[in-house]
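Notes to accompany the following structure.
The values are calculated or read from the model by the stated rules, or taken from the named source; none is laboratory data. What you are looking at is a predicted structure, and each value in this text was computed from that prediction instead of being measured. Glycine gets a Cβ as well: all are built from the backbone with ideal geometry, and neighbour counts include every protein chain shown.
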């Protein structure tokens, strides 16, 4: 049959454009009233650049995602400014959710962030569960055994101590013989394990906790002398008006910088490539820079989006 094939394509593209246009305008920023969690006005609250729908990338999505119009994203909302709960205690806000909004605009779907235990983020990926994990998640060789990573940011570890630094901690080796709290399954657990070899008989007493908030509670109440945390979150804590009187950095050192990645099940290469393509567009268009500026984390910006780069 010689029926023209251009009409169905035009209809499909038109429907995608209409769907993208119907995304709530508020999705341009996940922050309530356009403010960051510390109450300041976001640097990029009036987004200079705009994400554009890419039908070719939309077509790479799994059929179940296209049918649902939603990508389910697991996140641990205890890591401001990357992801945390809004004052209403329900909405998840931060740099990652804001970037997720823009990824959704390019792909013509909505990214739905769902609270998930950090240690279950990667293992929960799959067609019948979470589609992505986006949660200040460092791309490591160990995690790469289970998932692919679309790398979009970089950060190292800083040491947070009580204001006044009563234990006199200035570097990792100062943690020997002391109690240190840390979120379970994070790269900081591995960093402390490597540091133990420098401690001799005075081992670091490591207390793992379910969330970063739980680890900080140990520090705040004097049950631990330090909490190693990713640098963007550590910097946020010591500068935010609600927490700056409680915490400070042990030093300006940033240990073992590495890429953050959006985790995708290895069985979903189309989804992985769609997410990478969306981030490529956001980086080229300037939207990526706008989002990072909004949350004051420009120092973690990358020059290109990569897949499984930390190998």
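Before moving on, here are some points about what is shown:
- Of the residues making up the stretch 210-229, those that are under 14 Å from residue 78 (Cα atoms), surrounded by fewer than 21 Cβ atoms within 10 Å (Cβ to Cβ), touching a strand residue (DSSP E or B) at 6+ places or on another chain (Cβ under 6 Å) and without any contact (Cβ under 8 Å) to a residue 60 or more places away in the chain number 0.
- Failed item in (1) assigned by TED's automatic domain parsing to the domain that holds residue 142; (2) on the phi < 0 side of the Ramachandran plot; (3) not in a helix (DSSP H, G or I), with residue 248 passing the rest: (1)
- Taken together, 274, 293, 289, 278 contain a single residue that is surrounded by fewer than 17 Cβ atoms within 10 Å (Cβ to Cβ) and not assigned by TED's automatic domain parsing to the domain that holds residue 167, which is 289.
- When we screen 94, 156, 128 for residues that are surrounded by fewer than 20 Cβ atoms within 10 Å (Cβ to Cβ) and either at positive phi or touching a helix residue (DSSP H, G or I) at 6+ places or on another chain (Cβ under 7 Å) (or both), the only hit is 156.
- Among all residues of the stretch 296-304, there is none that is in a strand (DSSP E or B), farther than 28 Å from residue 195 by Cβ and in contact with a helix residue (DSSP H, G or I) (Cβ under 7 Å, 6 or more places away or on another chain).
- Answer residue from the stretch 171-186, given it is in contact with a helix residue (DSSP H, G or I) (Cβ under 6 Å, 6 or more places away or on another chain) and at negative phi and is surrounded by the fewest Cβ atoms within 10 Å (Cβ to Cβ) among those: 173
- Residues (within 14 Å of the chain's Cα centre (by Cα) and not in a helix (DSSP H, G or I)) located in the stretch 267-295: 295
- Applying the condition of being in contact with a strand residue (DSSP E or B) (Cβ under 8 Å, 6 or more places away or on another chain) and not in a strand (DSSP E or B) to the stretch 144-170 and asking which residue is farthest from residue 206 (Cα to Cα) yields 146.
- The lone criterion from (1) closer than 23 Å to residue 276 by Cα; (2) surrounded by fewer than 24 Cβ atoms within 10 Å (Cβ to Cβ); (3) touching a residue at least 12 places away in the same chain (Cβ under 8 Å) left unmet by residue 87 is number (1).
- Test result for residue 189, in a strand (DSSP E or B) and either surrounded by fewer than 24 Cβ atoms within 10 Å (Cβ to Cβ) or at pLDDT 95 or above (or both): no
- For the stretch 125-139, residues that are modelled with pLDDT of 95 or more and either in a loop (DSSP other than H, G, I, E, B) or more than 20 Å from residue 295 (Cβ to Cβ) (or both) total 8.
- Remark: residue 232 falls outside the filter, which requires a residue to be surrounded by fewer than 21 Cβ atoms within 10 Å (Cβ to Cβ) and either assigned to a loop (DSSP other than H, G, I, E, B) or within 19 Å of the chain's Cα centre (by Cα) (or both).
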